[in-house]
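Accompanying notes for the structure given below.
Derivation of every value follows stated rules applied to the coordinates shown; laboratory data play no part. Since the structure is predicted, the reported quantities are computational estimates derived from the model, not experimental observations. Don't worry about glycine lacking a Cβ; one is built from the backbone with ideal geometry, like all the others, and counts go over all protein chains shown.
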Amino acid sequence: MEPLEDSEIERILVVTAHPDDLDFGAGGTIAQWAAKGIAISYYICTNGDQGGVDPSITREQMRAIRQKEQRAAGAIFGVTDINFLNYRDGWLEPTIMLRKDIVRAIRTVRPQRMLIQSPERNWERLGASHPDHLAAGEAAIQAIYPDSGNRFAFEDLLQDEKLEPWEIKEAWVMMSGSTDHHVDITETIELKLAAIKSHISQTAHNEELDERIREWGLRNGEAAGLPEGRLAESFKIVKVG
C-alpha cells in the first residue's frame, strides 16, 4: 500500500518498547524524514533496564544510561522531543493504562503519521518479536483505533488535560512479517549506524554489528526490487483516517 507523500506530513509520532528499537527498525527512514523538516517525537514505553551485558552496572544505572544513549542517538537525526513512559522493561503488557498513555501522546503531538512496532509475531525474525515489542505494538494500534479520535474515550484527557481528540492518517508498522512498503536507505545508512552505535551499552560488544545491519538492509533491498547493492527498510502501511 502506498503511504501519503512526506510533503503532506508535518508531525510524526514514534512509539516503541525500548530505547534503540526505533534506530534498529527505522533509523534510515527517520533520518530522511527529519532531513525534510518533519517534526518527530519519540515516546518509548520502557527504559530498557533489562538490557546490556555488563553485570557491574545496576538496573537503576542502566535506566539512566539508556535514556542518555537514546537522546544521543536522536541528536544524530536532529530529534530532541524524546519521552519515556517508564514502564518496567520485560514486563510490558498492552494494558488500559499504557493505551491511555499512548492516546495522551497522540493528542499531545497530533501527528499525521505514526511509526509503531508490530503486534504480530514475526516467525522469520524472532528477535523482532520480543514480548515488549508485541505489547507496545498492540497498545499503540488500540490507541490509534478506537481511542485517539473518540472524545468519549478517556474523558479525563479532554476534561482535565484539555487534550482534544485527534485522528492520525496512517501508521507505519516496522519489523512486520507482512511488509508492503520499502524505503531506500542507502544514502542514510551511515546515520542509522551512528545512531545504533550511540547505544553503547547494547552494541559495543558486537564486533559484527555493521555487517549485520547492512545484511538486513541488503535483504530488504532485494525484496523491494531495488538495484543490486541498495539497502532498504520495510514497513506495513495501515491507513486510518
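Looking at the P(r) of the stretch 140-241, how many percent of alpha-carbon pairs lie beyond 24 Å?
46 percent
Most simply put, the stretch 9-239 has about 30% antiparallel DSSP beta bridges, counting only bridges with both residues inside it.
Tell me, what is the percent relative contact order of the chain, built from C-alpha pairs under 8 Å that lie six or more residues apart?
On the way: 464 pairs, mean separation 60.8, N = 241.
Once normalised by length, the contact order is 25 percent.
The mean of 1/r over all distinct Cα pairs in the stretch 18-119, once inverted, gives the Kirkwood hydrodynamic radius of 14.5 Å.
Label the chain by shape, choosing from rounded, prolate and oblate, from the square roots a ≥ b ≥ c of the eigenvalues of the Cα gyration tensor; if a/c is under 1.5 it is rounded, and otherwise prolate applies when a/b is larger than b/c, oblate when it is not. Don't jump to the answer; show the numbers that get you there.
Numbers: a/c = 1.66, a/b = 1.18, b/c = 1.41.
Here the chain falls in the oblate category.
Both numbers refer to the Cα atoms of the stretch 85-172; Rg and Dmax are 13.5, 45 Å. Amide hydrogen proximity for LEU163: with H placed 1.01 Å from N in the peptide plane, the residues at 5 or more positions away or on another chain lying under 5 Å are LEU158. When MET97, MET62 are sorted by how many other C-beta atoms sit within 10 angstrom of their C-beta, beginning with the fewest, the order is MET97, MET62. Under a 5 Å amide H cut-off, with hydrogens placed 1.01 Å from N, LEU115 pairs with LEU13, VAL14, VAL15, TRP172 among residues at least 5 apart or on other chains.
Where is the GNM fluctuation largest for the chain (alpha-carbon springs, 10 angstrom cutoff): THR203, THR108, THR58? Of THR203, THR108, THR58, the most mobile in the Gaussian network model is THR58. Note on the chain: with charges restricted to the Cβ of Lys and Arg (+1) and Asp and Glu (-1), its dipole about the Cα centre is near 460 debye.
Kindly provide the helix-only [θ] at 222 nm of the chain, computed as the sum of -39,500 (n - 2.57) over DSSP H runs of four or more divided by all residues, to the nearest 500 deg cm²/dmol?
-12000 deg cm²/dmol
Largest GNM mean-square fluctuation across LEU22, LEU157, LEU134, computed for the chain with C-alpha springs under 10 Å, falls on LEU157. Mean-square fluctuations from a GNM of the chain, with a 10 angstrom spring cutoff on Cα atoms, peak among LEU218, LEU191, LEU209 at LEU209.
Distance from the C-alpha centroid of the stretch 165-221 to that of the stretch 29-104: 15 Å, rounded to the whole angstrom. Taking a straight line from the alpha carbon of LYS192, these lysines sit under 27 Å away, with near neighbours fewer than eight places off in the same chain left out: LYS36, LYS68, LYS169, LYS236, LYS239. The gain in end-to-end length when the GLN159 to GLN50 segment is fully stretched comes to 35.6 nm, 0.36 nm per residue minus the alpha carbon separation. Across the stretch 40-51, rounded Karplus estimates of 3J(HN,Hα) from the backbone phi angles (6.51 cos²θ - 1.76 cosθ + 1.60, θ = phi - 60°) give 10, 10, 9, 10, 10, 5, 10, 8, x, 6, 8, x Hz, Gly and Pro being marked x.
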